[in-house]
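The structure under discussion appears below in the form of structure tokens.
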Amino acid sequence: MKTHIKKSPVKSSKSKYFYIFLFVVASTYTVLDTAMHWKLTPSQEEMQYTFGLVGVDSNDGIATISVLPSATLKDQITFGCAYSMKSDPVSNQCLDASILAPIKGSVATVGWYKLKSVLGYKNPYPQMVSLELNGKYIKSYNETKVINEGYNQARGLLTCLTLLIYFVVLQFILFFNRRKV
């Protein structure tokens, strides 16, 4: 006569909670990462404008824009263009270097804003929203807003899809874990 030894449900219960814990951690990370990369476009009232000489620094094909509003170099403002918490002027190109090269040294008006703190993280770089040269916009507020909204929709969809995949994987793990007991 064969005797069957049942596996202890305690081990199964512990592994179940471990997988749920992993699901919660992965989901929390995904949501927080999305919040840190969410592209924020200010309202027209939040915009600030700086008028001055445009400087363009191109390194490895990445162009950063600086404006010198006065004669002293210490007043130079370097702008970022990622509009999210995790960005800096060097890693996020405002405009293509070929567009910026001809305007270097020109007097222009830059529309910009400072990002508000998100989850305790503060991005210190002012974010360029518009660039106007001789009454013509090289980059407009509306253009920036449309780009950011499209990015946020794609990022939101990707986050929802990722969370759904996490959930489905968790359900498979829990289902097969139950069958082993």
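The values are calculated or read from the model by the stated rules, or taken from the named source; none is laboratory data. Remember, it's a predicted structure, so these values are computed and weren't measured experimentally. Every residue, glycine among them, receives a Cβ derived from its backbone with ideal geometry; neighbour counts consider all protein chains shown. Heavy atoms of the whole protein, side chains included, go into the accessibility calculation; ligands, DNA and RNA do not. Shrake-Rupley method; radii C 1.70, N 1.55, O 1.52, S 1.80 Å.
Miscellaneous remarks
- Check on V10, modelled with pLDDT of 85 or more, out of contact with any Asp or Glu (no Cβ under 7 Å at 6 or more places or on another chain) and either more than 23 Å from N123 (Cβ to Cβ) or not in a helix (DSSP H, G or I) (or both): no
- Checking A82, A97, A63 one by one, the residue that is modelled with pLDDT under 80 and open to solvent by 20 Å² or more (accessible area, probe 1.4 Å) is A97 and no other.
- Unmet criterion (only one of (1) at pLDDT 75 or above; (2) exposed (fewer than 14 other Cβ atoms within 10 Å of the Cβ)) for V110: (2)
- Answer residue from segment 113-136, given it is basic (K, R) and closer than 18 Å to S43 by Cα and is most open to solvent (accessible area, probe 1.4 Å) among those: K116
- The single condition among (1) farther than 21 Å from N152 by Cβ; (2) modelled with pLDDT of 85 or more; (3) acidic (D, E) that E45 does not meet is (1).
- For beta carbons closer than 9 Å, sequence separation of 6+ or different chains, a first residue in segment 156-181 that is within 17 Å of D33 (Cα to Cα) and a second that is open to solvent by 70 Å² or more (accessible area, probe 1.4 Å) and in a helix (DSSP H, G or I), the qualifying pairs are T159/V31; L163/V31; Y166/L22.
- Qualifying residue in segment 141-157 (condition: within 21 Å of V54 (Cα to Cα) and in contact with a helix residue (DSSP H, G or I) (Cβ under 9 Å, 6 or more places away or on another chain)): yes
- When segment 137-162 is limited to residues that are more than 19 Å from C81 (Cα to Cα) and open to solvent by 50 Å² or more (accessible area, probe 1.4 Å), the one that is farthest from the chain's Cα centre (by Cα) turns out to be L161.
- Sub-9 Å Cβ pairs linking a first residue in segment 25-39 that is under 21 Å from Q127 (Cβ atoms) and at pLDDT 80 or above to a second residue that is open to solvent by 70 Å² or more (accessible area, probe 1.4 Å) and not charged (D, E, K, R), at least 6 apart or interchain, are L32/L119, ordered by first then second residue.
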